[in-house]
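Trainee: Quick one: the structure is below, and I'll ask about it shortly.
The values are calculated or read from the model by the stated rules, or taken from the named source; none is laboratory data. Model, not experiment: these values are computed from the prediction. No Cβ is skipped: glycine too gets one built from the backbone with ideal geometry, and neighbour counts run over all protein chains shown. For accessibility, only protein heavy atoms count, side chains too; no ligands or nucleic acids. Shrake-Rupley method; radii C 1.70, N 1.55, O 1.52, S 1.80 Å.
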Amino acid sequence: MTDLLAARSQMAISLGFHILFAVAGMAMPLFMVVAEWRHLRTGDAVYRELAQRWAKGTAILFAVGAVSGTVLSFELGLLWPRFMEHAGPLVGLPFSLEGFAFFLEAIFLGVYLYGWDRVAPRVHLLSGVAVAISGVVSGVFVTAVNSWMNTPTGFRLEDGEIVDVNVWAAFFSPAFPTQATHMVLAAYTSVAFIVLGIHAWGLRQEPGSRFHQRAFGIVFLAALVGTPLQVVSGDFAAKHLASHQPTKLA
């Protein structure tokens, strides 16, 4: 195995592992917030229990995703030093912003986990909203880097050197809108179906369980809305690919 193949293989395995936890960190906070909101609206204690259980699962998945994401950040520098040497000034902004979003998510997740009955209900709910927003924003920032790698912009090559760097042009590369939209919808839709399967199995075991019925109702709506939107966004992404990277599409 060559060094190049080894580096690619290690990066592929790390990314394939991390993405599972990354999409959970993007989508699960929304589900737990909706469950708590339903509890505050209806007074149904089952929704509170559901929000608490989903929050615990979210925390575990978030912790594993944080560790695997840290490994990836080191791999970028260790496995691809020449790439980062040249691309660093261009993709440094979204990576830095992703760091801010990650820490905000961690802070508000701590408030959400330990704030039950310690802070006002609305404050607690808003902390969950902050977790949901920062989780999605974090994924979008990383997607901006991948988008730039597909459609590099925001610089000029002069004698083999990158000059006239425009970090905002690099951030909002031509591939960014379609890829970011497709990624966010993919996170919500895929996680919704996974959670749907878990609670569907629970309903098979306990057909009258109000806990699984309430959970099923929340995630079924997300899957129902997300699936057609994901198909539409995928069509836009494929058309963009056909226009900018026909060889890749082929």
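Trainee: So is V91 surrounded by 14 or more Cβ atoms within 10 Å (Cβ to Cβ) and assigned to a helix (DSSP H, G or I) or not? Steps first, answer last, please.
Mentor: On the way: surrounded by 14 or more Cβ atoms within 10 Å (Cβ to Cβ): yes; assigned to a helix (DSSP H, G or I): yes.
Answer is yes for this residue.
Trainee: With A192, A175 as the choices, which residue is open to solvent by less than 30 Å² (accessible area, probe 1.4 Å) and closer than 16 Å to P29 by Cβ?
Mentor: Working: A175 fails: closer than 16 Å to P29 by Cβ.
Result of the check over A192, A175: A192.
Trainee: Given the criteria open to solvent by 40 Å² or more (accessible area, probe 1.4 Å) and closer than 30 Å to N146 by Cβ, does V23 qualify? Don't jump to the end; show me each part of the working.
Mentor: Details: open to solvent by 40 Å² or more (accessible area, probe 1.4 Å): no; closer than 30 Å to N146 by Cβ: yes.
Taking the combined requirement at face value, the residue does not satisfy it.
Trainee: Also: For the subset of segment 46-76 comprising residues that are buried (at least 16 other Cβ atoms within 10 Å of the Cβ) and among the aromatic types (F, W, Y), which member is farthest from G99 (Cα to Cα)?
Mentor: Here the residue is Y47.
Trainee: I'd like the residue in segment 204-226 that is polar (S, T, N, Q) and surrounded by 14 or more Cβ atoms within 10 Å (Cβ to Cβ) and, out of all such residues, is nearest to Y47 (Cα to Cα).
Mentor: Residues of segment 204-226 polar (S, T, N, Q): 205, 209, 213.
Next cut, surrounded by 14 or more Cβ atoms within 10 Å (Cβ to Cβ) only: 209, 213.
Values: S209: 13, Q213: 10 Å.
Among those residues, the one meeting the criterion is Q213.
Trainee: Same structure, new question: Counting only residues that are open to solvent by 50 Å² or more (accessible area, probe 1.4 Å) and touching a residue at least 12 places away in the same chain (Cβ under 8 Å), which one in segment 150-161 is farthest from G226 (Cα to Cα)? Spell out how you get there, then give the answer.
Mentor: The first filter runs over segment 150-161 and keeps only residues open to solvent by 50 Å² or more (accessible area, probe 1.4 Å), leaving 152, 155-161.
Now narrow it down to the ones that are touching a residue at least 12 places away in the same chain (Cβ under 8 Å): 152, 155.
Numbers: P152: 29, F155: 36 Å.
That would be F155.
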